[in-house]
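Here's the structure, in structure tokens; my notes come after.
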Amino acid sequence: MGADRLPSPDLDSSLKYGAIEDESSKKVQSYDFRRPDRIAKDQLRAIHLLHENFARSLASSLSAYLRAYVAVNLVGVEQLSFVEFAGCLPSPTSIVTLGMKPIDGSALLEINPSLVFPILEMLLGGSGKSGASVTREITEIEQSILEGLLRIVLNDLRGAWHPVTALEFSIEGHETEPQLLQILAPNEAVVAISLEVRIGDRAGMMNIGIPSIVVKMLRQKFDQQWSVRKTQATEDERARVLRLIRSALIDLEARLHGPTLSLGKLLDLAEGDILAFEYPIAKPIDLMVNGKLKYRGEVVTTGRKQAFEVHELVVEP
């Protein structure tokens, strides 16, 4: 009796093979322990929205400062290791190390030479439209001329971060070679924010690197700001949209739906002919708003003019 309860060798082997096949069918993803921990996607989205506001504010500030039309577009927000971020920067370039009081740590602000030298030319009275591209390091005198521009950038950056937390960005140092930066370990993560700045026909990149550990420290404040934004933005956005569309023009058309008619019969119509619409008098007429059914009612007269009296609002399922 005891021997009858044991599984047969064939059944036992098939179970083993089945388990092996199930395990082998699972996809195995390799993990690189040198890669930094990833921050949450919702935080990246919040940082993206935050720096979209920064881009709009900076475009307005630089246009007034340079007395020229400046467009700033957010190109992307992603998380990279510090060595990858530094490797993406041109050499030589203009790099500013930023303090972020009251948080310990440093951020980076990089402005490409294709953007720095046209700005320097404009600040010194030129048009900034010279076709020659300069790739040399900037001098100490040129660096001091850029101080006013950097103050504007940091002021707008401070204002963009204010809804999340009060950060006081300050200039701690200057560098021209990305390979010489030693503010972070090579494998430490940074949030890289890339912006394109266009001044007339000239364009260049501005890159900001913020340590990911700083973003993780502010996780709770990001969540608080995001929840407040979701509750308040709906009312604010509705009011803003209403202000924008209040003066818009729309087409209203009272439409009586009846039978179709061929073009040949339409051309054969003569004076005195009667068209039967087969439409009951008591049936409401559709009112189309910009070609879409919105109301039902009837055509009435008001004084010497015709009007449409609304009986019901048509709500699409």
Original post:
Of the residues that make up the range 183-197, is at least one touching a strand residue (DSSP E or B) at 6+ places or on another chain (Cβ under 9 Å) and assigned to a helix (DSSP H, G or I)?
Top reply: no
Original post:
How many residues does the range 188-203 contain that are surrounded by fewer than 20 Cβ atoms within 10 Å (Cβ to Cβ), farther than 15 Å from GLU78 by Cβ and not charged (D, E, K, R)?
Top reply: 2
**OP:** Find the strands (runs of 3 or more DSSP E) located wholly in the range 59-144 whose residues include 3 or more that are within 20 Å of ASP156 (Cβ to Cβ) and touching a Lys or Arg at 6+ places or on another chain (Cβ under 8 Å), and list them.
**Re:** 70-81
Subject >> Which numbered condition TYR17 misses (of (1) modelled with pLDDT under 50; (2) touching a Leu at 6+ places or on another chain (Cβ under 8 Å)) >> reply: (2)
**OP:** Check whether at least one residue in the range 158-168 is without any contact (Cβ under 8 Å) to a residue 40 or more places away in the chain, in a helix (DSSP H, G or I) and in contact with a strand residue (DSSP E or B) (Cβ under 9 Å, 6 or more places away or on another chain), and report yes or no.
**Re:** yes
**OP:** Name the single residue, out of those in the range 139-187 being acidic (Asp, Glu) and closer than 18 Å to ALA64 by Cα, that is surrounded by the most Cβ atoms within 10 Å (Cβ to Cβ).
**Re:** ASP156
Subject >> Options THR135, THR139: the member that is in the same structural domain as ARG45 (by TED's automatic domain parsing), of a type in the set (S, T, N, Q) and in contact (Cβ under 8 Å) with a residue 24 or more places away in the chain >> reply: THR135
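The values are calculated or read from the model by the stated rules, or taken from the named source; none is laboratory data. Predicted model, so just to flag it, every value in this text is computed and none were measured. Here the Cβ is made from the backbone with ideal geometry for all residues, glycine too, and neighbour counts use every protein chain on show.
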